[in-house]
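Read through the structure below, which is laid out as structure tokens, and then see the notes.
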Amino acid sequence: MEILLFLLGLLAGWMIAHFYYRKSTRDLTVRLSNLKEELEDALRPKTSLADFERMLESSPWRAETIANENVWICEGNNSFQVVQGESDLSETFTETWTEHFPDQQHSGRCPVYLKIGGTIVREIPFVWLDGGRVLVPMPDVRVENRKQIFYWRGLSLEFKLGEIIGRFYIHNTMYGVASFCHITVERDVPQLSTSSTAS
């Protein structure tokens, strides 16, 4: 009887050890697969707009003045940069959404360039308003019931960029400017966007 109990104990011990061995092997295989994907992603060159958008979300950016240009540099990867182009505040840019600002005489468009490794990968139109105290991306526009509706997509590249490089004066944030100007901020699915506006 003691021999039988001993053999049953050995069998039970072997089964338990075998179960945990197989489980640990599966867990190790899954973990190695995940590590391989993470390593491949880390080694993949970051050169797309999707990479740029991820950096806008996940990395701190610092403002610098380089060769008389306002430049924002991604601290997570210095090859990602935002450069503010030349602007002319005598242009007097006006649309219905800009009419709420007290200083409408000094406003104008301002190109903003997204650069990766010194190469421009995208140009995004921004606009200076209120005598140069406010800088925001151009909103999109659609017509509903013969009325222009100006809006920003809250998850768009333009909105995220505006949150980093924008100037808001007393309005503090993109949302503050949106509220003041009656611009709708829409929450939608993440995507790279294309701005359009009607003058």
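The values are calculated or read from the model by the stated rules, or taken from the named source; none is laboratory data. Everything numeric in this text was worked out from a predicted model, so none of it was measured. Don't worry about glycine lacking a Cβ; one is built from the backbone with ideal geometry, like all the others, and counts go over all protein chains shown.
Couple of notes before you dig in:
- Where a residue in the stretch 155-168 is more than 19 Å from GLU123 (Cβ to Cβ) and its partner, wherever it lies, is part of a helix (DSSP H, G or I), with Cβ under 7 Å and at least six apart: PHE168/GLY176; PHE168/VAL177
- Within the stretch 110-132, residues that are under 18 Å from GLU99 (Cα atoms) sit with their Cβ atoms under 7 Å from residues that are assigned to a strand (DSSP E or B) and of a type in the set (D, E, K, R), at 6+ positions apart or across chains, in these pairs: VAL127/ARG109.
- Residue check for GLU95: buried (at least 16 other Cβ atoms within 10 Å of the Cβ) and in contact (Cβ under 8 Å) with a residue 60 or more places away in the chain: yes
- Options ASP130, ASP88, ASP103; residue that is at pLDDT below 95, surrounded by fewer than 16 Cβ atoms within 10 Å (Cβ to Cβ) and in contact with an Asp or Glu (Cβ under 6 Å, 6 or more places away or on another chain): ASP103
- In a residue-by-residue description of the stretch 47-60, the property of being basic (Lys, Arg) and farther than 30 Å from GLU123 by Cα applies to no position.
- Close contacts from the stretch 68-80, counting a first residue that is under 11 Å from ILE116 (Cβ atoms) and assigned by TED's automatic domain parsing to the domain that holds GLY166 and a second that is in a strand (DSSP E or B) and polar (S, T, N, Q), with Cβ to Cβ under 9 Å and a gap of 6+ residues or different chains, come to CYS74/GLN81.
- Some residue of the stretch 168-176 being among the polar types (S, T, N, Q) and in contact with a Phe, Trp or Tyr (Cβ under 6 Å, 6 or more places away or on another chain): no
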